[in-house]
Amino acid sequence: MIKVGKARLVELAEAEGIDVRTDYSGRAMYGRNCVGVVGVPHDMLRFVLAVVPGLDPDDTEHTFAYAEEWLAMAMDNMGYDTIFYWPNVQAMTCMCGDLDCQLVGEAPDGSKHGWEE
């Protein structure tokens with residue numbers, strides 16, 4: 001299971017014109033949320049090529065370190081659309097309230113950081 005910053009994910013997807021969902025719960029996920037893209041295969045491919053590498057632009061190896069999770073994609077039919085989703089990828093925000101914060105633990109100023117849905 002990997003966690004990605006929700007604000008950064010949405011910002012990058014919207015810049016590419018991609019309909020991203022951060023609250024999808026697919027088959028056999030039992031209410032757990034994950035990241036998904038609504039559209040056609042072309043949209044999913046654009047997401048993987050344009051958005052995923054931008055999630056952590058300072059760490060080019062991070063994307064590849066978790067390639068197995070990004071390759072474990074599933075899809076569901078949503079009537080006229082399809083959702084491509086990654087059951088092992090969750091979009092989260094930091095409990096400090098800063099939408100761009102990626103810290104975990106306690107910061108030098110004493111503030112608490114960590115992921116929450």
Practice problem: May I ask you to compute the full-extension gain from MET75 to TYR30, defined as 0.36 nm times their residue separation minus their alpha-carbon distance, rounded to one decimal in nm? | Solution: 14.6 nm
Quiz prompt | Prolate/oblate/rounded label for region 1-57 (Cα gyration tensor, a/c 1.5) | solution = oblate
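Bear in mind these aren't lab numbers, they're just calculated from the coordinates by the rules spelled out. Predicted model only: the values in this text are computed from it and were never measured.
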